[in-house]
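Working notes, structure below.
Just so you know, all these numbers are worked out from the coordinates, no wet-lab data involved. Keep in mind that this is a model prediction, so the values were computed, not measured. Because the Cβ atoms are built from the backbone with ideal geometry, glycine has one as well, and the counts that use them run over all protein chains shown.
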């Protein structure tokens, strides 16, 4: 059974940080100081669980009228099962409910197609973030349709 947990701020981020540490720090080589950043304190965090295991995470950062979705990560052994799609749909819906008619993401180039399937469109030039090529992407409105789980 899939369940989710929302938290706000830096409290109770153990599961989210464990997933991000496994994916971004250990797999992708992102420095810990870059990955576990000061933005966590002001963010809205989501963790998805399968049974008792934390399998995926993401966060929303609200900066004025900008709603940034990010730090979306799925444990390696759980990829290809729809958790990323599930987390993204929940983040989009929550951002929309909070007033974020437009959602933004710094997408890794290798994940661009995944985000396009969710309605995001790339804009601007590629840039480096944590030594990984990224592109800005945006989408408008709410999201409908079933998740991949």
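Of note:
- Mean ellipticity per residue at 222 nm, deg cm²/dmol - from DSSP H runs of n ≥ 4 across the chain, formula -39500 (n - 2.57): -5500 deg cm²/dmol
- The slack between residue 116 and residue 21, meaning 0.36 nm per residue of separation minus the straight C-alpha distance, is 31.7 nm.
- Estimated from the Cβ-Cβ distance and a Förster radius of 25 angstrom, the FRET efficiency linking residue 106 and residue 4 is about 0.65.
- Option label - percent of Cα pairs over 23 Å apart computed here, alternatives (i) 48; (ii) 30; (iii) 76: (ii)
- Residues 94, 71 in ascending order of nearby Cβ atoms (within 10 Å, fewest first): 94, 71.
- Counted over the chain, the DSSP beta bridges are approximately 90% antiparallel.
- Sequence of 86, 114 once ranked by neighbouring C-beta atoms within 10 Å, starting from the fewest: 114, 86
- Exposure proxy ranking, count of Cβ atoms within 10 Å, fewest first, for 101, 137, 1: 1, 101, 137
- For the chain, the relative contact order is 20 percent, taking Cα pairs closer than 8 Å that sit 6 or more residues apart in sequence and dividing their mean separation by the residue count.
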